[in-house]
Amino acid sequence: MSDDEKKRALAAEHNQYGTFQGVGSYPPPPSPPPPPPPEHPPPAMGFPHPVPPPGSSEPSAPPQYYAQGYQAVPGYPVAEGRPVRERRLPCCGLGCGWCLFIIGFFLAAIPWYVGLLVFLCTRNRMDHREKPGYIACTIAAVLATIAAIIGGSSSA
């Protein structure tokens, strides 16, 4: 039997590959016994831990019923009264600021400068829902001005 055949026979005996597999004739160590089952189930893992709301775990307190047909947990405020209604925004509900911002892409950035002037002149009396559109117009107007300055100076 040649050395090559001996290596093949030895490889057939060992179904493992690598250098740290141990001696083939030595038996593997016995596996450790499984751990005993816990008496109680393990606590819930994760974040946040499930906890009932404060005030809901008092069994001696009688439940509080409300005439509105729902029951609130003690300690949490319940908003009562008429709901606050805000007026509709102009320009199909977008608001003038966003409308000027979108139109500025088609009309050579002129509406962006109009939005910038409206934003600077009516900053204190402006509806809080309109402000993001006017801020977008202001940023677009500044960027358009920078692009015009760089484009005009590089063509010389």
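Here are some notes:
- The listed residues 98, 112 rank as 98, 112 when sorted by accessible area, largest first, using a 1.4 Å probe.
- Global geometry of region 79-121, whether rounded, prolate or oblate, following the gyration tensor of its Cα atoms and the 1.5 cut on a/c: prolate
- Label-zone membership for region 127-141, site residue 105, 7 angstrom Cα→C-beta point, backbone N under 19 Å: 132-141
- Gain on full stretching of the segment that runs from residue 128 to residue 82 - 0.36 nm per residue minus C-alpha separation: 14.4 nm
- With the whole protein complex present, residue 118 retains an accessible surface near 50 Å², based on a 1.4 Å probe.
The values are calculated or read from the model by the stated rules, or taken from the named source; none is laboratory data. If you're wondering where the values come from, they're calculated on a predicted model, not measured in any experiment. Every residue, glycine among them, receives a Cβ derived from its backbone with ideal geometry; neighbour counts consider all protein chains shown. The area values use the complete protein model at the heavy-atom level, side chains included, leaving out ligands, DNA and RNA. Shrake-Rupley method; radii C 1.70, N 1.55, O 1.52, S 1.80 Å.
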